[in-house]
Amino acid sequence: MMENIVEIKELTKKFPSGKLAVDNLSLKVKKGDILGFLGPNGAGKSTTINMMMDLMNKTSGTITLFGESATHKSNEVRSKIGMVPQEIAIYEDLTAIENVNFFGGLYGLRGKKLKTASLQALRFVALEKNAKEKAGNFSGGMKRRLNIACAIVHEPQLIVMDEPTVGIDPQSRNFILGIIEALNKRGTTIIYSTHYMEEVERISNKIAVIDHGKMIAYGSENELISLVTDTQKFNIEIAYPERINVKRIQVISGVQSVEIKEQVLQVVADSEKNPLDDILKVLVDEKAAIKMVTQDKLNLENVFLMLTGRKLRDSK
Ligand SMILES: Nc1ncnc2c1ncn2[C@@H]1O[C@H](COP(=O)(O)OP(=O)(O)OP(=O)(O)O)[C@@H](O)[C@H]1O
């Protein structure tokens, strides 16, 4: 069975204006992945996705979806893909169910099959009670959810989402992230474009960081963090710091430095090793009375800053 559902090789887009929006970008997406496609505004995320969906011509490079060229894909492959565009693409004058029926019809669903699939899609985004209401009367969050229902009515194996949570309240955003996790649980591969790193941290197992059209990093969250640091820091709160023999901790494999600040033992260690078990054993042995253990971790914002020298949010 094919493992890479998406393969992009050396993809480039130069607009007639001369703007190089996507620059020699390569990327693979495996079955079952939730790929967070992360980058600031203008990084080239939409341009990449639009070429992937064959909505825009590429300048050079190749894009393969389910083993077929993105520009010459069969109807069979077409029906395996769903797209949630950045701009909400629903008919405001139609009801919710009419919207979903319309998109299901485009994918060849008819009659009873269409009816069942449309209701199921609306149920999935918790809009079944609003099925007969006009989409134009929906809140921003409900429109976003309806947009998703329209993209999943044909039960695609791959869903590509371009910033589907922009401009909505935190509750609706949370709900949409939950929908994505549920879709993934039933086996759907997801490509999720966003400039919100906390969304990517929550839902993605793989992250592709893009900036100025170039792929600057790819991997799991921990792999990206290890690109910019080779240490980790543990803070261990204890009741009796005076009982600790620091030397016993210093000699543990992987430990770089140990410091006691009031009731907190601060240990810096190699990120490749996990000395925590051994450290805790010493503390238990010395009856230091462990109260809490926390780990200082870099986040993706730090990673982006360290790789590019700029902040993710307000970079242009
Ligand atoms: N039709 C076009 N002609 C010229 N330049 C364009 C065109 N469309 C996009 N661009 C430019 O290409 C770059 C990448 O844009 P793109 O929309 O792909 O970014 P993005 O990462 O999706 O960001 P956003 O969150 O703003 O959508 C930007 O500098 C943008 O201004």
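Odds and ends about this structure:
- Filtered residues of segment 184-197 (kept if in contact (Cβ under 8 Å) with a residue 24 or more places away in the chain and either in contact with a Lys or Arg (Cβ under 9 Å, 6 or more places away or on another chain) or surrounded by fewer than 22 Cβ atoms within 10 Å (Cβ to Cβ) (or both)): 184, 187, 188, 189, 193, 194, 195, 196, 197
- Considering residues of segment 223-259 that are free of Cβ contacts under 8 Å to residues at least 24 places away in the same chain and open to solvent by 60 Å² or more (accessible area, probe 1.4 Å) only, the residue farthest from residue 282 (Cα to Cα): 223
- Taken over segment 183-195, the residue count meeting the criterion of being modelled with pLDDT of 90 or more and either in contact with a Cys (Cβ under 9 Å, 6 or more places away or on another chain) or within 15 Å of the ligand (Cβ to nearest atom) (or both) is 4.
- So residue 202, is it free of Cβ contacts under 8 Å to residues at least 40 places away in the same chain, open to solvent by 40 Å² or more (accessible area, probe 1.4 Å) and assigned by TED's automatic domain parsing to the domain that holds residue 23: yes
- Given (1) under 20 Å from the mean Cα position of the chain (by Cα); (2) more than 15 Å from the ligand (Cβ to nearest atom); (3) surrounded by fewer than 16 Cβ atoms within 10 Å (Cβ to Cβ), index of the condition residue 75 fails: (1)
- Top-ranked residue of segment 11-48 - restricted to ones that are near the ligand (Cβ under 10 Å from one of its atoms), touching a residue at least 12 places away in the same chain (Cβ under 8 Å) and open to solvent by 60 Å² or more (accessible area, probe 1.4 Å), ranked as farthest from residue 312 (Cα to Cα): 14
- Look at segment 121-136: where a residue is farther than 24 Å from residue 188 by Cα and a partner is among the polar types (S, T, N, Q) and surrounded by 14 or more Cβ atoms within 10 Å (Cβ to Cβ), sitting 6+ places away or on another chain with Cβ atoms under 9 Å, you get 130/95; 131/95; 131/118; 132/95; 133/95; 134/95; 135/95; 135/99.
- Count of segment 278-298 residues, restricted to those that are closer than 20 Å to residue 226 by Cβ and surrounded by fewer than 14 Cβ atoms within 10 Å (Cβ to Cβ), is 4.
- Test result for residue 104, away from the ligand (no atom under 16 Å from the Cβ) and surrounded by fewer than 21 Cβ atoms within 10 Å (Cβ to Cβ): no
- Selection status of residue 64, at pLDDT below 95 and under 26 Å from the mean Cα position of the chain (by Cα): no
- Answer from 176, 180 - the residue that is away from the ligand (no atom under 14 Å from the Cβ), in contact with a Lys or Arg (Cβ under 9 Å, 6 or more places away or on another chain) and in a helix (DSSP H, G or I): 176
- Test: residue in segment 49-64 that is away from the ligand (no atom under 16 Å from the Cβ) and open to solvent by less than 10 Å² (accessible area, probe 1.4 Å): no
The values are calculated or read from the model by the stated rules, or taken from the named source; none is laboratory data. On a predicted model such as this, the values are computed, not experimentally measured, just so you know. FYI the Cβ positions are ideal-geometry reconstructions off the backbone, even for glycines, and counts take in every protein chain you see. With ligands, DNA and RNA removed, areas are computed over all heavy atoms of the protein, side chains included. Shrake-Rupley method; radii C 1.70, N 1.55, O 1.52, S 1.80 Å.
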